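The values are calculated or read from the model by the stated rules, or taken from the named source; none is laboratory data. Note that this is a predicted model, so its numbers are computed, not measured. In this analysis, Cβ positions are derived from the backbone assuming ideal geometry, glycine residues included, and neighbour counts consider all displayed protein chains. Each accessible area value is taken on the protein alone, full model and side chains, heavy atoms only, with ligands, DNA and RNA left out. Shrake-Rupley method; radii C 1.70, N 1.55, O 1.52, S 1.80 Å.
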Amino acid sequence: MMNSPFVLFCAGEDSGDVLGERFVVSVVARGLRACGSGGARMQAAGLEPIVPFEELPVSGFGDVLPRYFRLRRLYVRLVKALKSPDCVGLIAIDYPGFNMRLNALAKRLQKRVLYVAPPQVWAWKQRRAKELRGTDLAVLFEFERAAYKTLACQATLLRHPFLPDGEFMPAGETSALPSTLLLPGSRKSQALRNLRLYLNVACQIHDAQMYDAQIHDALQTNFVVVAARASLIPVFEKNMAQFFAGKIPEWICVKLAPPNIAKRREFYASANAALASPGTVTLELALSGCPLVVATIPDVLTYIMGDLFVKTKIFAMPNILLKNNTSKETCPQKACEEYVCTPWAWRNQIDEIQKALQTANKNSARQVAESLTQILSAGVSAESLVQSFIA
């Protein structure tokens, strides 16, 4: 299958696709092929896919189990590529279900590994750190680097790809008809669970605004459901049509998140507010100065397991970063409200989430963005890490 030297990549989620783009560019620029798993951004940068990326994003134990055998077959393809004599090494990006095992195999094969955004050992499963000793790690946050250091692992701080080139600059005035963004997630099953919640919240806000408009001629807000990748657009539209009894109303629509980082930052910054699923997008929204509320409905098994074993009760990355910031004097204590909804009783939290979204403040969000930009300002580039990896 492979007949020239290549670096194997394994990214299994849209956040990994964002992180992997610059790494693929750097590998290809050094005359090597980039092959493996990655989404539209990595493929546009030069990645040759050997597994269908669309089938990889999954969330939680309850979502993985029904797809186990299909995922197993995709994993075997990556193993075959890693064992190829033409494979010079592995760049693993997040996705520990595959990458922890690929890392162990690469070590046995005596092939170089760079693990970008490795498992969050500071939250749970510290035993994974033992398996990562001797692996080159690249983390996005200083508190992660410190956590790995205490567990005898060396990690390099990677500059976050969403950071602006200069200091944070607030966006200009929003349009006359501001939009509230709904970002239910990039993993299909998880996104569809969240979409039920988000549409209920949006309907309550819209109905209240319609009532106010009849009395006070109040300005109404549009709602935009944001798809992380193009294949999710028809999925969201189909489910929204079912939710609205056959026809999606004019006050809500689906749009693709801009793939270009600068344009995506501008898109988020111009929004009135955002309701988002936990993940990388929460940090992107916060860095853009967009007022934010984080909410999710996990599958039942994940909810139970998380309640039993996850150590941290904070799960939104902007809040985690602010909590772990050493310079707290001028730093906001919290970036956003966050909700893990009980899978069998999520409707009980609609009113609370609606209130949090409607009271999210643009000035406070801009202060959060400034603080996060300062916290994340350190770190080396993907190009530097690739240069060391290939040397």
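Would you please name the residue that is surrounded by the fewest Cβ atoms within 10 Å (Cβ to Cβ), looking only at residues in the stretch 147-162 that are at pLDDT below 90 and of a type in the set (S, T, N, Q)? Checked the stretch 147-162; the qualifying residue surrounded by the fewest Cβ atoms within 10 Å (Cβ to Cβ) is Thr150.
Residues of the stretch 81-113 that are charged (D, E, K, R) and in contact (Cβ under 8 Å) with a residue 40 or more places away in the chain: Asp86, Asp94, Arg112.
Of all positions in the stretch 105-114, at least one carries a residue that is touching an Asp or Glu at 6+ places or on another chain (Cβ under 7 Å) and either open to solvent by 40 Å² or more (accessible area, probe 1.4 Å) or under 21 Å from Thr280 (Cβ atoms) (or both). Return the residues of the stretch 29-47 that are more than 24 Å from Glu284 (Cβ to Cβ) and surrounded by fewer than 17 Cβ atoms within 10 Å (Cβ to Cβ); say none if nothing qualifies. Matches in the stretch 29-47: Ala29, Arg30, Gly31.
Looking only at the stretch 115-146, residues that are more than 30 Å from Asp86 (Cα to Cα), open to solvent by 20 Å² or more (accessible area, probe 1.4 Å), in a helix (DSSP H, G or I) and touching a residue at least 24 places away in the same chain (Cβ under 8 Å) come to 2 in all.
Condition check ((1) small (Gly, Ala, Ser); (2) modelled with pLDDT under 95; (3) under 19 Å from Pro161 (Cβ atoms); (4) open to solvent by less than 40 Å² (accessible area, probe 1.4 Å)) across all residues:
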position	(1), (2), (3), (4)
Gly60	yes, yes, no, yes
Arg67	no, yes, no, no
Arg72	no, yes, no, no
Tyr75	no, yes, no, yes
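The single condition among (1) assigned to a helix (DSSP H, G or I); (2) buried (at least 24 other Cβ atoms within 10 Å of the Cβ); (3) at pLDDT 95 or above that Cys10 does not meet is (1). When you check Asn194 against the structure, is it open to solvent by less than 20 Å² (accessible area, probe 1.4 Å), more than 15 Å from Ala273 (Cβ to Cβ) and modelled with pLDDT of 95 or more, yes or no? When the stated conditions are applied, Asn194 passes them.
Summed over the stretch 225-253, the residues that are part of a strand (DSSP E or B) and crowded, with 18+ Cβ neighbours inside 10 Å give a count of 4. Here Ser327 passes the criteria (1) modelled with pLDDT of 90 or more; (2) among the small types (Gly, Ala, Ser); (3) over 18 Å from the mean Cα position of the chain (by Cα); (4) more than 17 Å from Val201 (Cα to Cα) except the one numbered (1).
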